Amino acid sequence: MEAPPDNDVLWARALHFQHHDGSPALQGVSLGVRQGEILAVSGPRGSGKTTLLRCLSGLVKPQDGEVWFNSVPVHTMGPLGRERLRRDRFGWIDPTPALVPELNAWENAALPLMLRGTGRRRAKTAALEWLDRLDVGGKARRRPHELQQAERQRVCIARALAVAPAVLFADEPTAPLHRADRAQVLRTLTTAARSHGITVLLATHDAQTAALADRAVALLDGRRVRTVHLPPLAETTVATGATGTPGTEGRAACSLSA
């Protein structure tokens, strides 16, 4: 078992993962992520971006390969150890908002802090600060069903940032947002990460989003590739199908890594 480089907060070697139907999701992916770096994982839908983030964060174990966090082998941890690591050191943003329906917005944003043992008052203060920065502070006492989908996603982003994670895994974090809102939310996310020294892995199939990162790696069919050319989301269309309805799925041109 090879030790990771000292300057990488996250390091993965030769990750392999198959879906339940036997189709490959990752085929030998290796990468390193430096402390405080914002790394975009780019590629079209179905390229393995989400699976890679799930393996790196300990949500799933790779079927082969190694994952290290600060020289700790995540791939050898049991379920309880990986759960504790995610709770104490990691943050996660899904592409669709998932909130506890019985809690209001600030309680949802503060929940991970309180699960860590932070007092209610302190957790509320942190949650309200991030809700304000994401322009939903005025909806702090509303429950999820009273919020628009884009507002619920902002609450989820505030929840992930409020805990000041060592690593934030953001899987298409602005997918539910209107285009006019995406740039502001992404600026808040990247500025917060840099000012707080948070390492970010940002999965995206949008070239404009990937351009905000310090560095990008590209995936295609579960493999690292040298380049994946992704048109901006608004300009990306596919040929009309039998229904005559245009699609918005990203197309990619690539060159394979050696």
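The values are calculated or read from the model by the stated rules, or taken from the named source; none is laboratory data. It should be emphasised that the depicted structure is a prediction, and the values quoted were computed from it without experimental measurement. Using ideal geometry, Cβ is built from the backbone for each residue, glycine included, and neighbour counts are taken over all protein chains shown. With ligands, DNA and RNA removed, areas are computed over all heavy atoms of the protein, side chains included. Shrake-Rupley method; radii C 1.70, N 1.55, O 1.52, S 1.80 Å.
Things worth noting here:
- Contact map, region 163-178: first residue closer than 14 Å to R87 by Cβ, second residue among the charged types (D, E, K, R) and open to solvent by 10 Å² or more (accessible area, probe 1.4 Å), Cβ cut-off under 6 Å, separation 6 or more or different chains; pairs are A166/R89.
- Looking only at residues in region 215-235 that are more than 18 Å from the chain's Cα centre (by Cα) and surrounded by fewer than 14 Cβ atoms within 10 Å (Cβ to Cβ), the one that is modelled with the lowest pLDDT is E235.
- Residue in region 145-165 that is under 18 Å from Q184 (Cα atoms), open to solvent by 20 Å² or more (accessible area, probe 1.4 Å), assigned to a loop (DSSP other than H, G, I, E, B) and not β-branched (V, I, T) present: yes
- Extreme residue, surrounded by the most Cβ atoms within 10 Å (Cβ to Cβ), among residues of region 129-144 that are assigned to a helix (DSSP H, G or I) and over 22 Å from the mean Cα position of the chain (by Cα): K139
- Of the set (1) among the aliphatic types (A, V, I, L, M); (2) in contact with a Leu (Cβ under 9 Å, 6 or more places away or on another chain); (3) open to solvent by 10 Å² or more (accessible area, probe 1.4 Å), all apply to L168 but (3).
- Entry remark, region 189-214: residues being over 15 Å from the mean Cα position of the chain (by Cα), assigned to a helix (DSSP H, G or I) and not hydrophobic (A, V, I, L, M, F, W, C) number 5 in total.
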